[in-house]
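J.: Attaching a single structure in structure tokens format; questions to follow.
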Amino acid sequence: MTLLKGLEQSTKRIVNSKHMLQGITLASFLESTVVPIPLEAVMVPLMQARREKLWLIALMATLGCLIGALAGYGLGYFLFDLVGDWVIETFSNPEQFEMVKSKMESQGFWFVLTLGIVPIPFQIAMLAAGATQYSIIGFLAATVIARSIRYFGLALVVYFAGNKAEDLIKQHKTK
């Protein structure tokens, strides 16, 4: 069996697994906390393959991200003094974090909303929201709205474009 054939079979097993929804929730949690790779690379093909669960996949991805956002906020709120430097070094740099912190203090909700929609690492916004002790309600509201727009927007594209969704997204995404 070739490597390509093995990869294809593994992918089919995951897509057809009864644990697929828990997997996408976990993947979303990891993407929002420690893995700065956009979830779209997994979600769009999964949504195309499992159209009967399209909206549920978007919902589970949103829930996974929300749980991850709470963890990131808590990390910034309670443990920033202990782990903040490591997170900043891993996902950003001190100058960028200071800029993010400043925007968090001045723009709060709108800043989190914007960062939650675009496919860039969300970790620094979560940490900054917690570190600046931004309102947890405002943070969660912005996160839910932003990630719902992002994930349910992907579901809409797949719903209307079908198997052409992935190509359509690649063609129109911003750099």
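The values are calculated or read from the model by the stated rules, or taken from the named source; none is laboratory data. These numbers were taken from a predicted model, which means no experiment stands behind them. Just so you know, the surface numbers come from the protein's heavy atoms only, side chains and all, with ligands and any DNA or RNA stripped out. Shrake-Rupley method; radii C 1.70, N 1.55, O 1.52, S 1.80 Å.
J.: How many angstrom separate the Cα center of the stretch 25-63 from the Cα center of the stretch 142-159?
T.: That distance is 10 Å.
J.: Could you tell me what % of all Cα pairs in the stretch 28-134 have separations over 17 Å?
T.: Here the long-distance tail beyond 17 Å is 53 percent of all Cα pairs in the stretch 28-134.
J.: Separate question: Not counting ligands, DNA or RNA, and with a 1.4 Å probe, what is THR114's accessible surface area in Å² rounded to the nearest 10?
T.: 80 Å²
J.: How much of the accessible area of the stretch 29-158, probe 1.4 Å, is carbon plus sulfur, in whole percent? Intermediate results must be reported in sequence, preceding the final value.
T.: On the way: 4240 of 6120 Å².
Of the solvent-accessible surface of the stretch 29-158, carbon and sulfur hold 69 percent.
J.: Could you work out the mean projected area of the convex hull around the alpha carbons of the stretch 113-152, in square nanometres to one decimal?
T.: Computing the convex hull of the Cα atoms and averaging its projections yields 2.5 nm².
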